[in-house]
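The values are calculated or read from the model by the stated rules, or taken from the named source; none is laboratory data. The shown structure was predicted, so the numbers you read here are calculated from the model rather than taken from an experiment. So basically every Cβ, Gly included, is an ideal-geometry build from the backbone, and we count neighbours across all protein chains shown. Surface accessibility is based on the protein's heavy atoms, side chains included, excluding ligands, DNA and RNA. Shrake-Rupley method; radii C 1.70, N 1.55, O 1.52, S 1.80 Å.
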Amino acid sequence: MHLKDLLDSLDLRLDLPQHWYSTDISDNFEEGELIENGDVVVIKTESGEKPKKITIDINDGMSIVTIHPNGKEIGVKYLDNKDDFEYIGKISDLKD
């Protein structure tokens, strides 16, 4: 599933960098729920083992994270350029 498919299913029309639309996202987002729709769009899904969340802020980037049982979020934040991204959290953060 691509981000564009999810946005279409939620009837959201956003002016985003073109490469964000073709970003592969989890098929779990077929059950995605729009949590916030303003300057920042938040879409969350509870299906699957762990909840997942997409946060879209046209001024700051788009992040796709998995929310772990301890509340820590691990994922990727996509920026304006196609090959420009940063990681959010790290697996070692999950170890107590």
Hey, can you tell me all the residues within the stretch 40-60 that are part of a strand (DSSP E or B), touching a Pro at 6+ places or on another chain (Cβ under 9 Å) and either over 14 Å from Ser26 (Cα atoms) or open to solvent by 40 Å² or more (accessible area, probe 1.4 Å) (or both)?
-> Lys44
Could you check how many residues of the stretch 1-35 are within 18 Å of Ile88 (Cβ to Cβ) and free of Cβ contacts under 8 Å to residues at least 24 places away in the same chain?
-> 2
Restricting the search to the stretch 73-96, which residues are under 17 Å from Lys50 (Cα atoms) and open to solvent by 90 Å² or more (accessible area, probe 1.4 Å)?
-> Lys90, Ile91, Lys95
